[in-house]
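The structure appears below as structure tokens.
The values are calculated or read from the model by the stated rules, or taken from the named source; none is laboratory data. All values reported here derive from a predicted model rather than from experimental measurement. Methodologically, a virtual Cβ is constructed for each residue, glycine included, from the backbone with ideal geometry; neighbour enumeration extends over all protein chains shown.
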Amino acid sequence: MERKCRYVPLSKQPLVLVLGQVRFSPVRQMGGYIPSIQEEFRRHGFPLERAGKVQQLIFGPGGGVPVQVVEQQRWEYRTKDETSSILVTQDSVVLQSTAYEKFEGFAEKLLHAVRTVLAKTEHDQLGLVQRVGLRYVDVVQPREGEDFRFYLRPGFHGVADDVFQECTHRLHVESTGKTSVGDDTGTMVVRVVQNDQGFSLPPDLVGAAPKHTPRSKAGELITLIDMDHFIAGTFDPDAEWVVARAYDLHDHLVETFHDHVVTEDAIEVWK
């Protein structure tokens, strides 16, 4: 598998976290398969194990207020330096990294993680894949005398600052729509969100994120670019197919980032 998008190495990398998620039909007895899954991950560079329970919010048909809170077991495996992790639940496997270099290396680890979980649970013969997604989080930190708008395309500039009281404007812009991912229809969500609370990641990712260096401190305004691209449906449990779709998701994300989210000036600064 090869990328079909550009590759632009950046020495001043704005990227904080990359996440790849594959959701599949539930394996209610996942705990029984964990020993063999753990052994495979241990042999491939993920020796640190953490297990615990997480809460999942269930929403009604109209969304809004959660109608149910479900507690679910989760197993986590980290690399020695704790900058990459694999999360396993009864219906998903997630690969995360804060030490991302190129997608090819990330995709290879994702392939191994998905193949391992599907094979060890026999879900490669008995189950279904229901979602494949990629999520990238970048941070915009303007240099002295610069504004965040220097780094973002006009569609993400928001209302002028002088509409609000001084230093109170906080941006939250979101675009979402359908995409073509191979022969399937995908969904892409692009969010640009600001905070001054010292968070270098969106709130929903902070708790389970691998080790990373905070990009800001409380009181400092930071701008996050949060891009999420996924397909959902009923698919055969084929790990190679999953990663091929991940390449398609990745390529569209990268081109969107360069052509429609950040400016050419931003890329030059980050080079």
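Structure notes:
- When E268, E255 are checked against the criterion of being in contact (Cβ under 8 Å) with a residue 60 or more places away in the chain and surrounded by fewer than 19 Cβ atoms within 10 Å (Cβ to Cβ), a single residue qualifies: E255.
- When segment 29-49 is limited to residues that are part of a loop (DSSP other than H, G, I, E, B) and over 13 Å from E122 (Cα atoms), the one that is nearest to the chain's Cα centre (by Cα) turns out to be F46.
- Leading residue by the ranking (surrounded by the most Cβ atoms within 10 Å (Cβ to Cβ)) among those in segment 89-145 that are among the acidic types (D, E) and part of a helix (DSSP H, G or I): D124
- With a requirement of 3 or more residues that are out of contact with any His (no Cβ under 9 Å at 6 or more places or on another chain) and modelled with pLDDT of 95 or more, the helices (runs of 4 or more DSSP H) lying completely within segment 160-271 that satisfy it span 239-256, 264-270.
- Single residue of segment 176-224 satisfying the filter (of a type in the set (D, E, K, R) and surrounded by 17 or more Cβ atoms within 10 Å (Cβ to Cβ)) that is farthest from R131 (Cα to Cα): R215
- Pairs meeting the criteria (first residue in segment 46-59 and loosely packed, with under 10 Cβ neighbours inside 10 Å, second residue part of a strand (DSSP E or B) and at pLDDT below 60, beta carbons under 9 Å, at least 6 apart or on different chains) are I58/P66; I58/V67.
- Failed criterion for F24 (all others in (1) surrounded by fewer than 21 Cβ atoms within 10 Å (Cβ to Cβ); (2) within 19 Å of Q73 (Cβ to Cβ); (3) within 21 Å of the chain's Cα centre (by Cα); (4) of a type outside the set (S, T, N, Q) hold): (1)
- The sole residue among D161, D238, D248 that is within 20 Å of I86 (Cα to Cα) and of a type in the set (D, E) is D238.
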